[in-house]
Structure formats: C-alpha cells, structure tokens
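Report on one structure; see the data block that follows.
The values are calculated or read from the model by the stated rules, or taken from the named source; none is laboratory data. Because the structure is a prediction, the values reported are computed rather than measured. Backbone-built Cβ (ideal geometry, glycine too); neighbour counts: all protein chains shown.
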Amino acid sequence: MYGSASPDNLNSPKRPVNARIPANLLESVPAASVLRQERRRHDIRFLLSSLFSALLVGGAFIFLGYDSPALPLILLAVVATPILLWRFRTLPVYIALISACLFELFPSPHADEFTGKTFFFLNINSIFQSKGMSMEGIPISIFEVILVTAGISSLTQAIFGKRVGLRLGMSFPALATYLLMVGLNYARGWADGSDYHIMLQEVRAQVYLAITYLMALNMVEDRRDIGRVFWFSALCIGFKGILYTYRRYITLGNGPISDQGVGSHEEAFFFNCFVLLLLALWLGQHQRRLIKWMWLLLPTTLLGFLATNRRAGTAGIIVAVPVIILAAYRALPERRRFAAIVGIAMLTAGPIYYQIFKNSPSQIAQPARAIRSHFEPDERDSGSNAYRDAENANIMATVKESLPTTLFGFGYGKPFLKVAKMVDIGNLYDKWDILPHNQILWIWMRTGFVGLLSFFALIATGIFACSEILRRRESDDRDIRTLAMWGMGVLVMLVVFGLLDLQISNYRNMIFVGMLLGLIEGFRQRTCNPSEHENAIVPVPAGSQ
C-alpha cells in the first residue's frame, strides 16, 4: 500500500535530510562563517570605492573651480569603467553598440542637440581644447580608452584563469589582409608627408571594424545576448528617430530641409537598420513584445529617415528589403507563404507609390524623388550627379596613376588627382578631395586592388556565414536565424551606401557592422560547426612554453 511503513523502516535510524547529497558536493559548499567574511570584505570594498569616488568628485570641484558637473562625472566614469569592464565581460560589446547607434561624431548647430555633444568619438585633447583649455597629447578618444581598458581587462582575466586564446573565424583572413593593406598605405602616406590627423580620420573606422569583430566573436557566447542586441539597437535607433522628428517639426518649425538634412548622414543607415530588423523579426514572428515596440517607434523612425534627406538611404533600403524577404522565404518554410505575400505586396505598392509621388514636393515623396533623380534629374540633382561623375573619374585616374598604385594603393591622407574639372566645395566640406562620396572606389584608391578584393571577401564571408546559418534548418534557434537575416540585409546595404555616400570611413557604421559580423561568425561556429568552435580556443596554462 502506498505510504505504508514497513518494520524495517520503523526500526532503521532516521536519515539526515542531506543524506542523498554527494559528499564531494557538500564539501564544496562554503561554511556560513566563510560567506559572512566574504560579504564583509565585499561591503568594505564597496564603501572604500564609494569614499574614493566621492573624494574624487568633490576634489575636482574644489581644486579645479568648476561650476559644471561634466568634468567630475568624467573622472568618476574613468574610475568606474575599469571596475565595470572587469565585472561584466560583455559590457564592451554593448558600449560599442549603444555608442554607434546614439552618438554622432560631431555636434550639430541645432538647439536640441545633445547626443552629438557627448564627444564620445572625439580626441580627449580636442575636448579640452574646445572648452578653452590648453591640452596637447596623444590623439585618443574616450571610445578608444574603453577599448584599451576592455582589452587589458579581458587579457588579465584570461591569464589568471589560465585560459589564453583567441577565436578568429573564417572572416579573419580577409579582414587581416585588408588591415595589412590599410597599415601599409598608412605608412606610405606618412612617408609622403601626409597630415597624420587626416590619415587617422580615414583609418580609424577600418581599425574599429576589426576590433569590434573580434570583441563580439570572443566575448559573446550566451544566445540571450542576441535578443539584447535586438532590443538595444531598436530602442537606441528609435530614440534617434524621435529626436530627428522633433528637430524637423518642432525645432525647425516644419521649414524647408537643406540638402544635408537635419543631422548626420550616417543616421539614414541606422534608420534603415531599424526597418530591416523589424522586417526580419516580423517575417519570423519572433520577439513579439519587441515587434510591438518597434511598430510604435516606426512612424517617428520613418519621419527621422525622411529628415536626413539621403538618396543613398532610399537606394539602400530598396536593395536590402528584397534580400531579407528572399532569405526568409528560403530559410523559414513555415513562413514561406507570408514572406511571398509581403514580397508581392511590396512589388505592387512600390510602383504605385512612385507614380503617385515622383513629382510631389511633399516630404513623404522624398524616396520617390530620390529614385526619379537617377532617371529624370532636376537642376539640383543634375549638378550633384555631374559632381559625382567627375569625382569618380578623378579617383579612377588616381587609381591608374601607376601599376603599384593600382595593385597596392595610393596611400592615405593625400588628395586624389584632378584630371576632370570639379567644383571646389572646400568652404562646405574641407576634405572634399580626401574622402569622396564613392567609398568603394575610395577603398581601391587608398588600399589598391588587393585591399578592395579583401574588403569584398570580408563582406562575402559574412554573407556566407549568414547563408550557412539559414541553410541548416536543424539550427532552430529563432534569434540566431533572425540575426542572420538581418545581418545579410545590413551587409548588402553597406555596399550600396558605400557606393553613394560617406559611410565606410564613418566610425559608427563600421563599429556596428564589425559587431554584427563578429556575432554572426560566433554563432555560426556554435550552431553549424561545433567542432570548429570547440577547437577555436585552446586552453593554455599561463607561463607554459
């Protein structure tokens, strides 16, 4: 009978509650006194760090005589950042993601500007100089300080943990070749007497691409981090959509938009990334709560996109959206019918929208006018197209200057040759003959055909990694599949933007793309080639020969 007690059970001694717990597990549990001591030490460390931070902030006010909290808060951040980077291993990845989505490289003159005033990507000595302080030193930005600190912290933890290793991924050979050509042409520019400040502005984004790729590949291992990347990207870009909509209709009073738009050019790239992420999530019917938030943010994001007034943005989204729809149709059999309906609806609505709005002066007609400008340009668009044609001709003349230049690059920091007549727009853009609009040709000019080929190999390996994830249906993690569809669209869109606008030399774009490449490659290894992932990092005892 269930629950009855046998004589043996009645006569046997009472067993302790933890009798079934293995002895080795019991021995591993620390005693209460040890836990109390550890807690006491933790409290003491917290109090001492709080006291030190308070003294630092107060001392900055007293000795420097500032009535603004900006500098003390910066000093406090300098103290807190190493501690946080040590405690939270993936924090540098999220710092890179949020900074790329939120912070402009330079502040705009508009009254509502504040994300551009963080000076996150500006050299520290330039920040002090902008405040009227005499400051000379190494040109290093706050973002680079965080990268260096994170690298030192990660290396120290690996050494003390006796686990030193680095995953490189299949994209690394192409990336390493590209960086090698970047380094060689930086040296050539230096030898030719180029201004190193200008060369740094050209080269930094390419270095950021490599660093963020390796960071994301080696630091992110938990699949839940993919969802966090989706949320942070959507909310940060959505916030910028609200800001740009406010600027367009409140700060500027719904007045005419200049050719340069109401903010940074690269913002159009990020607004497009928002739309592509929403499309990938919607097709997969995944992260439903995030989808709801993104639908709420979509109107202001689209209005913010229109306020940037970028023709490249329209071209990028037209090319990238079909890529994601086709990827979903191939990779998601259960959503194939829905993907086909979405694709047919867009093919039907697109021409209708174009015919209705191609001659309209309204703001909502901006994408239609951008398409029309390629076939029936008005006077303003004709001038812009002629300038770009002359610019491309001059870049190609520079590329063909000599066979070594064609193959291995012209070097950084030097103006391109001017065989075709161009309008000097130096009063509007001082680097007009250094950083041209067509940045695919810019890569060829600066790094040669070898550099251009390795850059396209990098993009191709990224797309291949996305395709491999989507092709293997047994990898049914929807976060990873959504990441692959989104990444494929973003990589294709980057190439389109690179052909039409200043994007590949932009810090923010390359940080974002490098991080996506690293995430995609890392989870490709884990889902498609687990043996490759297991063999990627080899435990090496510290100090071994």
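Observations
- Some residue of region 239-254 being touching a Cys at 6+ places or on another chain (Cβ under 6 Å), crowded, with 19+ Cβ neighbours inside 10 Å and part of a helix (DSSP H, G or I): no
- When residues of region 334-374 are limited to those that are within 33 Å of the chain's Cα centre (by Cα) and in a loop (DSSP other than H, G, I, E, B), the one nearest to Thr308 (Cα to Cα): Ser362
- Residue identified as surrounded by fewer than 24 Cβ atoms within 10 Å (Cβ to Cβ), modelled with pLDDT of 95 or more and touching a helix residue (DSSP H, G or I) at 6+ places or on another chain (Cβ under 9 Å) among Leu491, Leu500: Leu491
- In region 464-483, the residues that are under 14 Å from Gln525 (Cα atoms) and either in contact with a Gly (Cβ under 8 Å, 6 or more places away or on another chain) or among the small types (Gly, Ala, Ser) (or both): Ala465, Cys466, Ser467, Ser475, Arg481
- Filter result (in a helix (DSSP H, G or I), over 30 Å from Ser384 (Cβ atoms) and in contact (Cβ under 8 Å) with a residue 40 or more places away in the chain) within region 302-333: Ile325, Ala327, Ala328, Arg330, Ala331, Pro333
- Residue check, Tyr213 touching a residue at least 24 places away in the same chain (Cβ under 8 Å), over 29 Å from Phe523 (Cβ atoms) and surrounded by 15 or more Cβ atoms within 10 Å (Cβ to Cβ): no
- Residue check for Asp195: under 22 Å from Glu266 (Cβ atoms), at pLDDT below 90, of a type outside the set (A, V, I, L, M, F, W, C) and out of contact with any strand residue (DSSP E or B) (no Cβ under 8 Å at 6 or more places or on another chain): no
- The residues in region 372-400 that are without any contact (Cβ under 8 Å) to a residue 12 or more places away in the chain and aromatic (Phe, Trp, Tyr) can be counted, and the count is 1.
- Selected residue (criterion: farthest from the chain's Cα centre (by Cα)) from residues of region 375-402 that are farther than 16 Å from Asn309 by Cβ and hydroxyl-bearing (Ser, Thr, Tyr): Ser402
- Residue check for Trp295: among the aromatic types (Phe, Trp, Tyr), assigned to a helix (DSSP H, G or I) and surrounded by fewer than 17 Cβ atoms within 10 Å (Cβ to Cβ): yes
- Close pairs from region 343-357: first within 11 Å of Ile371 (Cα to Cα), partner exposed (fewer than 15 other Cβ atoms within 10 Å of the Cβ) and among the β-branched types (Val, Ile, Thr), Cβ under 8 Å, at least 6 apart: Phe357/Ile364
- Residues considered: Asp389, Asp381. Of these, the only one that is in a helix (DSSP H, G or I) and at pLDDT below 80 is Asp381.
- The single condition among (1) within 30 Å of Tyr429 (Cα to Cα); (2) at pLDDT 65 or above that Phe128 does not meet is (2).
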